[in-house]
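The structure appears right after this line, and notes come after that.
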Amino acid sequence: MGTFHHDRGELHGITVVVDTTGPEVYVGRCDTLDEGAIVLLDADVHIAGVEGSSKEEYVRQVARFGHWKKHERIVIETGKIASVRRLGQVPLQ
């Protein structure tokens with residue numbers, strides 16, 4: 001269950017996976033999500049093909065083992081977002 005800041009949206013405080021229309025996929029704690037952007041805290045970014053794994057392979061690994069925080073704060077414009085889902089909803093296999 002997330003924190004209760006009703007002005008921040010239902011995903012506030014929840015670790016989410018943000019897939020983009022490009023090769024990047026982000027994982028982090030959702031701070032805000034509105035019509036302009038999503039703001040992630042304590043986040044990581046993976047670029048498909050880097051280190052030999054696809055976006056989905058990376059996301060499944062994170063779902064099983066967690067992610068390493070590499071960025072304090074990341075802002076992703078909504079025009080670049082393909083999907084946003086809770087990390088807890090990612091199948092482990």
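Here are the numbers for the structure shown:
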quantity: Size of electric dipole in the chain: Cβ of Lys, Arg +1 and of Asp, Glu -1, about Cα centre, debye, nearest 20; calculated: 300
quantity: Cut-off under 5 Å, modelled amide H: who pairs with His71 long-range; calculated: Ala43
quantity: 4 °C / 1.567 mPa s Stokes-Einstein diffusion coefficient of the chain, Kirkwood radius on C-alpha pairs, µm²/s; calculated: 98
quantity: Helix-only CD estimate at 222 nm, as mean residue ellipticity for the chain, using -39500 (n - 2.57) per DSSP H run (n ≥ 4); calculated: -3500 deg cm²/dmol
quantity: Relative contact order of the chain, defined on C-alpha pairs under 8 angstrom at six or more residues apart (%); calculated: 31
quantity: Candidate lysines - alpha carbon under 16 Å from Lys55, same-chain residues fewer than 8 apart omitted; calculated: Lys80
quantity: Residue-wise HN-Hα coupling along segment 44-57, computed from phi with Karplus coefficients 6.51, -1.76, 1.60 (Hz; x: Gly, Pro); calculated: 9, 10, 10, 10, 3, x, 6, 6, x, 10, 6, 4, 5, 4
quantity: Amide H contacts of Val90 (H built 1.01 Å from N, under 5 Å, at least 5 apart or other chain); calculated: none
quantity: For Glu35, Glu72, order by how many other beta-carbon atoms lie within 10 Å, fewest first; calculated: Glu35, Glu72
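Taken together, the values in this text are just the output of simple stated rules run on the coordinates, not laboratory data. These numbers were taken from a predicted model, which means no experiment stands behind them. Glycine gets a Cβ as well: all are built from the backbone with ideal geometry, and neighbour counts include every protein chain shown.
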